[in-house]
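Engineer: Have a look at the structure that comes next, please.
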């Protein structure tokens, strides 16, 4: 049975938070409560375990910890997708979107070990290649007749020209559709797109229309 | 055995989670110092699990400190995640994507 890496990661996140809350609450309870006189060991104030039991549980716990950690790390790393090379029309500012798994559409070409995602001037692309999320260090380029040049991505912090990258899916009459999309532009332009209040403030500050 | 199990499971889960997050920083602007602090907290929690087999009260104090270290990352991360989900909802509902079918 194949389990999507996102599912494993989501479950791991929620379980981590759940057990962190439980461990914090329990540790605080035991730390700050005083043990009533004469009370025998209980779950809130346990006594030390028996010698043989301590050894058995200790060894089993360590083995379990190592096994679980190895399995999760292997499961997530082994399923990472190759990196993508996104080619965006020169000067394009706005959202771009790729739809995966479209029958009849061309597959994504692979060049130098990277999937090449070349958007049309409208910023949209359909491909028969199925979506593979997680992993891979993507790169982003503007392309034109004169060639390509790299765009600053998330590694550039606030100077990035790539924002809000996410995956989505919907279920229509023609079946399941999966997408990947992100915004191309400055941080200010991105904020103006996602928050109309910012857009109004941005327009007022510039005294003109949004620069698109 | 309850404290041992609780501390050990919490330490393993948060440790693996943080380890994977740090592994993903190759695709993020930079590794966050809080992630390293929280990872140290996870290791302390595992140590508390071991101590709990011998001195449960002392283990509880160690575990509490470890949990606070871990929360230094998880608390702001949880808030940020919730904010992002609200923001993403706005993106999906308010923005028309070019060429959308």
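The values are calculated or read from the model by the stated rules, or taken from the named source; none is laboratory data. Just so it is clear, the structure is predicted and the values come from calculations on it, not from any experiment. Cβ sites come from the backbone with ideal geometry, for glycine too, and all protein chains shown count toward neighbours.
Engineer: Residue B:42: closer than 13 Å to residue A:23 by Cα, out of contact with any strand residue (DSSP E or B) (no Cβ under 7 Å at 6 or more places or on another chain), modelled with pLDDT under 90 and more than 7 Å from every other protein chain (Cβ to nearest Cβ), yes or no?
Structural biologist: Criteria not met by residue B:42.
Engineer: Within the range A:120-127, does at least one residue satisfy the condition of being closer than 26 Å to residue B:85 by Cβ, within 13 Å of chain B (Cβ to nearest Cβ) and buried (at least 17 other Cβ atoms within 10 Å of the Cβ)?
Structural biologist: Yes - at least one qualifying residue is present in the range A:120-127.
Engineer: Quick check on my filter: what residues within the range A:12-36 are closer than 14 Å to residue B:9 by Cα and more than 8 Å from every other protein chain (Cβ to nearest Cβ)?
Structural biologist: A:14, A:18, A:21
Engineer: Okay, moving on. Tally time: how many residues in the range B:51-70 are in a helix (DSSP H, G or I) and at the interface with chain A (Cβ under 7 Å from one of its Cβ atoms)?
Structural biologist: Result for the range B:51-70: 8.
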